[in-house]
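Single-structure report; data block below.
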Amino acid sequence: MMGEESHHLNIELVVLATSNEDCAISVADHVMLGAANDESALWALSQETDVLTFDHELVDLDVLARLETQGVTLRPSSSSLRYSVDKSYQRERFAAAGFPLPGFAVLRDANDLAVLEGWTSRFGSGPVLKAARGGYDGRGVLFPKDDDEARNLARELLASGTVVVEERMLLQSEVSQLVVRSVRGEMELYPLVTTVQSDGMCAEVRFPCELPPSLHAFADELSRDIAEAIGLVGVMAVEYFVTTGGLLINELALRPHNSGHWTIEGCATSQFANHLRAVTGQDLGACTPLYPAAVMVNVVGAQSPGSLDAARRVPGVRVHDYGKAWRPGRKLGHVTAFGDHVDELHVTAWQSARAYGTNTQEA
Ligand code: ADP
């Protein structure tokens, strides 16, 4: 999706792909093969380009920092990316900055397991355990029911790295905000959206987000403060928990994000165009919504494929097929409906997603 926008912006796009099957290849001007955490592949890529940017978090921060010292331009920088790649770093730095977070502790080795003693009676429920690095779409996030299970699962997670333990919050809803920041520090904000999760994965995104104006204003200010604090360049999604105590930060993604796919047709400038504008040093485009309401539904492969044509025949829906091979459980595309009322658009978008063949359940 970023590749499609690069052509409208006259940006020459070189994609570092892991294989010839990679769907980004279809929109690339040039392709190089290699892994995103392979220093020599990244070095070779940097020799063909002015700036490197990533569309996922599975990177090696030490490799990136070394490339920067050799003069390679990364946007966002490795020090900004650390906040999205390493959940323990994000939690510790943000706590020190006074940003609103769930209660948490960081476990680095078996000695730290002591923090789990009596957790359930202290907080009223088992904790949430998170691998500090490498998790996505709910993988690496565990919900033990009591202290015994928490200790055992935390021990297993510790075998592969640092673990973040969090208070299990009662969530009224989950919302997300995209902010984009230019090289010169100018910022634009997209409106807050509601994200609906199914099995730890985002199933649906709804705009507008029905929260009191005071929480919209709070999110706007906090998203800006976060972007400033981490020295962001490019697009960032801030995922928030909505609780009785207000908004708490969940996690960050320093790249175009699933919660912003509706901006492709739904806003004056899409998240993909604005990310490219930002990382190539251009002025940002306006984030103004073009419709009163939008609903996006992800298509996650069901056991067998549905019909893309049938999905497209649902009136008023825009269907995006990522061109990936069908595999049950894999994110294969998304559909978006635009109009006046979220409730109606929710029905239309799910009708199309079901025809396409999604296995997620409507929330
Ligand atoms: P990922 O990096 O895999 O997206 P997240 O940290 O966003 O993982 O967690 C996935 C989901 O788990 C969240 O969207 C939320 O529904 C739930 N979750 C995560 N942390 C907590 C928490 N502290 N309290 C309650 N639910 C949580």
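Taken together, the residues in the stretch 334-355 that are surrounded by 22 or more Cβ atoms within 10 Å (Cβ to Cβ) and closer than 11 Å to VAL297 by Cα amount to 9.
For HIS56, the conditions (1) surrounded by 14 or more Cβ atoms within 10 Å (Cβ to Cβ); (2) in contact (Cβ under 8 Å) with a residue 24 or more places away in the chain are fulfilled apart from (1).
Under the condition of being among the β-branched types (Val, Ile, Thr) and touching a helix residue (DSSP H, G or I) at 6+ places or on another chain (Cβ under 7 Å), which residue from the stretch 243-263 is farthest from PHE99 (Cα to Cα)? Looking at residues that are among the β-branched types (Val, Ile, Thr) and touching a helix residue (DSSP H, G or I) at 6+ places or on another chain (Cβ under 7 Å), I get THR263.
Just one residue in the set LEU153, LEU129, LEU170, LEU157 is among the aliphatic types (A, V, I, L, M) and open to solvent by 60 Å² or more (accessible area, probe 1.4 Å); that residue is LEU170.
Scanning the stretch 230-251 for residues being under 16 Å from LEU81 (Cβ atoms) and within 13 Å of the ligand (Cβ to nearest atom) gives a total of 3. For the stretch 60-91, the set of residues classified as within 16 Å of the ligand (Cβ to nearest atom) and either under 22 Å from ARG184 (Cα atoms) or over 20 Å from the mean Cα position of the chain (by Cα) (or both) consists of LEU81, ARG82, TYR83, SER84, listed by residue number.
From the set of residues in the stretch 227-246 that are surrounded by fewer than 22 Cβ atoms within 10 Å (Cβ to Cβ) and among the aliphatic types (A, V, I, L, M), which is farthest from ALA293 (Cα to Cα)? Checking each candidate, the answer is ALA229. Hey, any hits in the stretch 211-226 for a residue that's within 20 Å of SER80 (Cα to Cα), open to solvent by 60 Å² or more (accessible area, probe 1.4 Å) and over 21 Å from the mean Cα position of the chain (by Cα)? Looking through the stretch 211-226, none of the residues is within 20 Å of SER80 (Cα to Cα), open to solvent by 60 Å² or more (accessible area, probe 1.4 Å) and over 21 Å from the mean Cα position of the chain (by Cα). In the stretch 137-166, the residues that are at pLDDT 95 or above form Cβ pairs under 6 Å with partners that are more than 16 Å from the ligand (Cβ to nearest atom) and part of a loop (DSSP other than H, G, I, E, B), at six or more places apart or across chains, as follows: THR162/ARG108. Please work out which residue is nearest to SER26 (Cα to Cα), limiting yourself to the stretch 304-342 and to residues that are touching a strand residue (DSSP E or B) at 6+ places or on another chain (Cβ under 7 Å) and small (Gly, Ala, Ser). Looking at the filtered set, the residue picked out is GLY333.
Within the stretch 103-115, identify whether any single residue is over 26 Å from ILE230 (Cβ atoms), touching a strand residue (DSSP E or B) at 6+ places or on another chain (Cβ under 8 Å) and buried (at least 17 other Cβ atoms within 10 Å of the Cβ), and answer yes or no. Within the stretch 103-115 (the criterion being over 26 Å from ILE230 (Cβ atoms), touching a strand residue (DSSP E or B) at 6+ places or on another chain (Cβ under 8 Å) and buried (at least 17 other Cβ atoms within 10 Å of the Cβ)), the answer is yes, since at least one residue qualifies.
Listed by position, the strands (runs of 3 or more DSSP E) enclosed by the stretch 94-194 that each have at least 1 residues that are away from the ligand (no atom under 12 Å from the Cβ) are 104-107, 163-166, 173-181, 187-189.
Please enumerate the residues belonging to the stretch 279-295 that are surrounded by 15 or more Cβ atoms within 10 Å (Cβ to Cβ) and within 15 Å of TYR190 (Cβ to Cβ). Correct list: LEU284, GLY285, CYS287, PRO289, TYR291, ALA293, ALA294.
The values are calculated or read from the model by the stated rules, or taken from the named source; none is laboratory data. Owing to the predicted nature of the structure, the values given are computational and were not obtained by experimental measurement. As a convention, Cβ positions derive from the backbone with ideal geometry for all residues, glycine included, and neighbour counts pool all protein chains shown. Surface accessibility is based on the protein's heavy atoms, side chains included, excluding ligands, DNA and RNA. Shrake-Rupley method; radii C 1.70, N 1.55, O 1.52, S 1.80 Å.
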